[in-house]
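Any read-out appearing in this document is the output of simple, stated calculations on the displayed coordinates, not a laboratory observation. These numbers come from a predicted model, not from an experiment. Here Cβ is always computed from backbone atoms with ideal geometry, including for glycine, and neighbour counts include all displayed protein chains.
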Amino acid sequence: MRLVFAGTPAAAVPTLRRLAADHDVVAVVTRPDAPQGRSRRLTPSLVAETAEGLGIPVIKAARLDDDVTSRIAALRPELGVIVAYGGLVREPLLAVPGHGWINLHFSLLPRWRGAAPVQRALIAGDAELGASVFQLVPELDAGDVYAMRSFPQVARTTADEALAALAESGAELVAEVVEGIGAGTAQASAQTGEPTYAAKLDQADGLLDWTRPAQEVLSRYRGVTSEPGAHTTVEGVRVKVLALEPAAEAESLEPGALHGTRSGVLVGTATEPLLLTRVQPAGKGAMNAADWHRGLRPADGQDARAGR
């Protein structure tokens, strides 16, 4: 089939590679180059780099406006495929490909429609993660679903790790749907159930509340790692939480209380403690949590605590 593909981050790359192996991808649409790193150097998206390596023409656009619509229409695509592009596809672009557009979304629709489905599922402690391929419609993530695949949550998996795994399995799911659409055998069904929405995360979402149960704190850490990143405050200093895990047979601690061990720092919660193993205090590099804890010197002479 003649396809046009829209995507931007690493999660979209496996699908692009998979489709390019079997179909004629006539163009790739991606977000414009963005500043990266301390130097803020303008850098192409990973999808743009992949497309250029595959010899596919690239359209860089912040909005899918009339100009982009005309350029895509001139290519006469049969189907559009979108994976985490970062913008909305509206009419008349929706109707340009003969078969419209399909979208790979990393949730079990209609649960977690929106920008951050994997992150919100992890924060909520959902028992399952998943991916859906659906027909794109003007309403947000509301189209009929061609295929869906669920995966049980794996303990200690962060959002980065879960998204990478879903991107690989989702690429195969998209390939199956595209083949079915091309053969005329694909069938889509209306979404069933009550929708929930996955709003984009911001820095406030990364704040860990040690007065909550341990599993809830751990779920939030997993959902915000690595973006926007988990953090806490210790004696007025913001500290990034880079590695957090369940503690084995640790004695109870008050919420936010810190206790150094050989393997890290125990942090009290509303239930059992959690083990902090790697941190990054403001203005410093990443370090072993035990080393960081030994260097704490609270001004009032009391033991240092997280959350104050």
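Normalised Debye scattering of the stretch 1-78 at q = 0.20, 0.23 Å⁻¹ gives log10 I(q)/I(0) of -0.85, -1.06, counting only Cα atoms as equal scatterers and leaving out solvent.
Out of the DSSP beta bridges found with both residues in the chain, what percent are antiparallel (nearest 5)?
65
Our Cα-only numbers for the stretch 130-286 put the radius of gyration and Dmax at 20.3, 63 Å.
Quick check: convex hull of the Cα atoms in the stretch 184-260, volume per residue, rounded to a whole Å³? Walk me through the intermediate numbers first.
Details: hull volume 14.5 nm³, N = 77.
Expressed per residue, the convex hull around the Cα atoms of the stretch 184-260 is 188 Å³.
For the stretch 84-147, the Cα-based Rg and Dmax, in that order, read 12.5, 40 Å.
If you take the Cα centroid of the stretch 25-91 and the Cα centroid of the stretch 168-205, the two points sit 20 Å apart. About its Cα centre, the dipole of the stretch 240-280 is roughly 300 debye, where the only charges are +1 on Lys and Arg Cβ and -1 on Asp and Glu Cβ.
Given the convex hull over the Cα atoms of the stretch 45-108, what projected area results after averaging over all orientations, in nm²?
On the way: hull surface 19.7 nm².
Over every viewing direction, the Cα hull of the stretch 45-108 projects on average to 4.9 nm².
For the stretch 112-172, the Cα-based Rg and Dmax, in that order, read 11.9, 36 Å. Percent of Cα pairs in the stretch 218-308 per distance bin of 5 Å, from zero to the largest separation: 3, 14, 27, 29, 19, 7, 1. Along its principal axes, the chain has C-alpha extents of 72, 44, 29 angstrom, given from the largest down.
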